[in-house]
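In what follows, a structure is listed as structure tokens, so that the remarks can point back to it.
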There are 2 protein chains.
Amino acid sequence: MARVGLTPDRLARAGAELADEIGFDQVSASALARRFGVQVASLYAHVRGAHDLRSRIAQVALDEMADRAAEALAGRAGHDALVALATVYRDYAREHPGRYAASQYRVDPGSPAVDAGRRHTELTRAVLRGYNLDEPAQTDAIRLLGSVFNGYIGLELGGSFAHSSPASDESWPRILDALDSLLRSWTKS
Amino acid sequence: MARVGLTPDRLARAGAELADEIGFDQVSASALARRFGVQVASLYAHVRGAHDLRSRIAQVALDEMADRAAEALAGRAGHDALVALATVYRDYAREHPGRYAASQYRVDPGSPAVDAGRRHTELTRAVLRGYNLDEPAQTDAIRLLGSVFNGYIGLELGGSFAHSSPASDESWPRILDALDSLLRSWTKS
DNA sequence: TGCACAAACCTAAAGGCTTTAGGCAACCGA
DNA sequence: TCGGTTGCCTAAAGCCTTTAGGTTTGTGCA
């Protein structure tokens, strides 16, 4: 009965890896316990249950994405910053589909993952600094960008763009250019 | 042992109702069997399994949305058509959150739900007729609109817009106006 | 009318996931 | 080194999925 050294954090990180390997919705306390060579019930000393586990994985993903985004945005503005942020999300989703799926998990209010969400909002707001938008247009624009990123990546990952041309890789930069030009002329619309 | 009259179709429709009541991911063969007052195993004569059941519910939702969209688009063009299509999706999602969630279910290639997806693409293409876009811009625009609709509704339903002003109801029409103006000037971007 | 066959629904059972309760053992501080 | 806390274990109940095989119901044809 050697101790493995489980902690909520290690479970969440291992869960994130597992999600990338077998898909987020296949991640279960059982599968995770198996991976640690431990009985399922042992996990319940560290995590409140399956929902708690999934929420923690979501948080891992949201934090990782925000870290990458913050790094990518440093020293960039305008079109450059927009493309950088968009690229971070899309690349992350392609590298880590399970984690990305986790980041979409409905987490309940009061959870620390809500703060991670706020961080993403602020990063998007930072991108918009280059476009000089006043409220409420700025909030509208944040919501638009969030919608496009989430929406495009979700559809692409789901294969919706796989069987038509042009390739999804080609649409993406053109759509970002269009958004850039939209943001530059937002007030005139 | 009165026969209830199960069919794949009735199961799918009842599953759609159940999804709106308890949430799509809570829909199970068990819950559905309970609702029909029937043993679980009986369902397996009509659906291949849980995945098949969920796919059929997804199809019900996609078809219903496409029907509504087709009706809403009749006789409309340009900005009017854009708003009409967007409104159909958003209203449907708010009236039937479970069904809407079902419509996002990853259905496997070859399934008839793929055709339903194509129908939505064509409806979006119809909206774009009012904007005179050539390929590949037209496909880009279809993908952009799909992304915004899916993305915005998903975030809104998840509560991402609930705790900031302006209200989500106010951002939505302004975002649609911005998209309209983007589409009108797409080639110039 | 009556019979035969197909379909609809049933019971039984195996296997997996979640969660709770209670027990033993390993580690840490005194 | 000893006591307590914590980490992991066994046991067990409850729910979901899926398969196998039985029985009833209803329909169509003679």
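Out of the residues in region A:128-168 that are surrounded by fewer than 17 Cβ atoms within 10 Å (Cβ to Cβ) and among the small types (Gly, Ala, Ser), which is nearest to A:His96 (Cα to Cα)? Within region A:128-168, the match that is nearest to A:His96 (Cα to Cα) is A:Gly158.
So, in region B:102-132, how many residues would count as being modelled with pLDDT under 95 and within 20 Å of A:Glu170 (Cβ to Cβ)? So the answer is 0. When B:Ser185, B:Ser160 are screened for being of a type in the set (Gly, Ala, Ser) and within 25 Å of A:Arg106 (Cα to Cα), only B:Ser160 passes.
Return yes when A:Asp180 is assigned to a helix (DSSP H, G or I), in contact (Cβ under 8 Å) with a residue 60 or more places away in the chain and more than 18 Å from B:Ile153 (Cβ to Cβ) and no when it is not. So A:Asp180 passes the test.
Table: residues versus (1) in contact with a helix residue (DSSP H, G or I) (Cβ under 7 Å, 6 or more places away or on another chain); (2) within 8 Å of chain A (Cβ to nearest Cβ); (3) closer than 30 Å to B:Asp52 by Cα.
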site: B:Leu85; (1), (2), (3): yes, no, yes
site: B:Ala101; (1), (2), (3): yes, no, yes
site: B:Asp108; (1), (2), (3): no, no, yes
site: B:Leu123; (1), (2), (3): yes, no, yes
site: B:Asn132; (1), (2), (3): no, no, no
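If you go through region B:167-189 one residue at a time, how many are modelled with pLDDT under 95 and at the interface with chain A (Cβ under 7 Å from one of its Cβ atoms)? Total meeting the criteria: 2. If you go through region B:44-72 and keep only what is within 11 Å of DNA strand D (Cβ to nearest atom), open to solvent by 80 Å² or more (accessible area, probe 1.4 Å) and over 14 Å from B:Val4 (Cα atoms), you end up with B:Tyr44, B:Arg48. Does A:Ala141 count as in a loop (DSSP other than H, G, I, E, B) and within 10 Å of another protein chain (Cβ to nearest Cβ)? Considered against the rule, which asks whether it is in a loop (DSSP other than H, G, I, E, B) and within 10 Å of another protein chain (Cβ to nearest Cβ), A:Ala141 comes out as no. Being out of contact with any Cys (no Cβ under 8 Å at 6 or more places or on another chain) and within 13 Å of DNA strand D (Cβ to nearest atom) is a property that holds for B:Ala41. Among the residues making up region A:34-63, those that are small (Gly, Ala, Ser) and within 9 Å of DNA strand C (Cβ to nearest atom) are A:Ala41, A:Ser42, A:Ala45, A:Gly49, A:Ala50.
Kindly evaluate B:Ser164 against the criterion of being under 20 Å from A:Asp140 (Cα atoms), facing another protein chain (nearest Cβ under 7 Å) and modelled with pLDDT under 95. Judged against the criteria, B:Ser164 is a match.
The values are calculated or read from the model by the stated rules, or taken from the named source; none is laboratory data. What you see is a predicted model; the values in this text were computed from it and never measured. Here the Cβ is made from the backbone with ideal geometry for all residues, glycine too, and neighbour counts use every protein chain on show. These accessible areas exclude ligands, DNA and RNA; they are computed on the full protein's heavy atoms, side chains included. Shrake-Rupley method; radii C 1.70, N 1.55, O 1.52, S 1.80 Å.
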